[in-house]
């Protein structure tokens, strides 16, 4: 009986140690991922080019919406940026000077 109890205890210790090692690995991996996302967010927030592009998108959107309630927007929603891919540009635009 005592041998079974000791074996069970050793098994519990082994599982706990393994779980602890796995948990430490998970925490380390999660911290690395969070640090990567944090660094990416900082780069996006400090990107002068991205700010210029967003400023241009906002200006074009406000110009296209002149005369409507949406003409004086202060910002751009991220989901509306995805719609920019659907915008078509005419290469022979008579009003664009091309």
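Just so you know, all these numbers are worked out from the coordinates, no wet-lab data involved. Fair warning: this is a prediction, and the values are worked out from it, not measured in the lab. Cβ sites come from the backbone with ideal geometry, for glycine too, and all protein chains shown count toward neighbours.
Between residue 37 and residue 87, the FRET efficiency from the beta-carbon distance, with R0 = 35 Å, is close to 0.75.
Remark: the residue 59-residue 76 segment gains 5.1 nm on full extension, using 0.36 nm per residue and subtracting the alpha carbon distance.
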